[in-house]
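The values are calculated or read from the model by the stated rules, or taken from the named source; none is laboratory data. Remember, it's a predicted structure, so these values are computed and weren't measured experimentally. Glycine gets a Cβ as well: all are built from the backbone with ideal geometry, and neighbour counts include every protein chain shown.
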């Protein structure tokens, strides 16, 4: 991916990656100043943690990380306080294809690939507020190895909206991505939008059946559709017991040699479609090749019609009291994982 064009990652991060191979780099002060001036202390701390895992610990890394730690902690605390008022961040929902060349990638592979592409294209992902902050990029719905998808979802939160038009951003990312992956939709949403996992209603699938299994598959399909219940024991203990696939598959029909079916997503968003289809047709899941998810039905997002419920209510109070240190009665409590904000009169002193 790096060979497809110069990296657009901040120069200080590129320098740190280069320095990672050196036992005693020379210009650490320059890298440190660039990190602070770019307000990138948290991201740099996470990069150093990654470098220590990849290339092994170096004395300079430990020293540099210790020097950077208080700056990163301060940035994390300030970001936690400002989170609800941050109007610059951009919530992105991408729709992409996963095809032949990418069928061997699982969710972890796809996450790493897209992270890499975003980084090389200079798209600055916001970090979450966890104790070990991670970039806010997630796959919307799981898709197993060996299954293609025509409309898969990727959700990301950027520090700010890119200057380029969406078509230009997608073109840059697609130039980086390996064969079989391609983004074809880029949608900017408000920060309070629901994730795809909460909106998915149905997945639509197509499978071109090999000639030698078509008679068996068609007969099993007929039996399945005539049955009122189709119990599937998934092979391991489950609190709900065997799963009734007639409640999962809402539609199933043949179009010549192609089997088309629809699964309900709300109750079973992560159900493996290969195993499901195998349980219906009496075929080993590993022997099913060419299954494609052609689309996903999403329900209207109820949050988008209730913007007033999700807008920050205390913006002026936060800005005046916390950010400007105006002597308000808002008190920040420093804890290990989170910094809750308590509103009320200041505690009495004795």
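Table for the structure above
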| quantity | calculated |
| --- | --- |
| Test set (1) buried (at least 20 other Cβ atoms within 10 Å of the Cβ); (2) within 23 Å of residue 7 (Cβ to Cβ); (3) touching a strand residue (DSSP E or B) at 6+ places or on another chain (Cβ under 7 Å); (4) modelled with pLDDT under 95 - residue 140 fails condition number | (2) |
| Residue list for the range 183-219, restricted to those being touching a helix residue (DSSP H, G or I) at 6+ places or on another chain (Cβ under 7 Å) and buried (at least 16 other Cβ atoms within 10 Å of the Cβ) | 183, 186, 193, 205, 207, 209, 217 |
| Any hit, the range 111-127, residues being modelled with pLDDT under 95 and more than 20 Å from residue 2 (Cβ to Cβ) | yes |
| Of the criteria (1) within 30 Å of residue 129 (Cβ to Cβ); (2) crowded, with 17+ Cβ neighbours inside 10 Å; (3) at pLDDT 80 or above, which one residue 261 fails | (1) |
| Strands (runs of 3 or more DSSP E) enclosed by the range 222-305 - at least 3 residues per element that are within 21 Å of the chain's Cα centre (by Cα) | 292-298 |
| Tabulated pairs, the range 107-129, first without any contact (Cβ under 8 Å) to a residue 12 or more places away in the chain, second surrounded by 15 or more Cβ atoms within 10 Å (Cβ to Cβ) and in a loop (DSSP other than H, G, I, E, B), C-beta under 9 angstrom, 6+ apart or interchain | 128/136 |
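Condition check ((1) part of a loop (DSSP other than H, G, I, E, B); (2) surrounded by fewer than 16 Cβ atoms within 10 Å (Cβ to Cβ); (3) in contact (Cβ under 8 Å) with a residue 40 or more places away in the chain; (4) not assigned by TED's automatic domain parsing to the domain that holds residue 153) across all residues:
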{"position": "50", "(1), (2), (3), (4)": "no, yes, no, yes"}
{"position": "62", "(1), (2), (3), (4)": "no, yes, no, yes"}
{"position": "70", "(1), (2), (3), (4)": "no, yes, no, yes"}
{"position": "76", "(1), (2), (3), (4)": "no, no, yes, yes"}
{"position": "94", "(1), (2), (3), (4)": "no, no, yes, no"}
{"position": "101", "(1), (2), (3), (4)": "no, yes, yes, no"}
{"position": "104", "(1), (2), (3), (4)": "yes, yes, yes, no"}
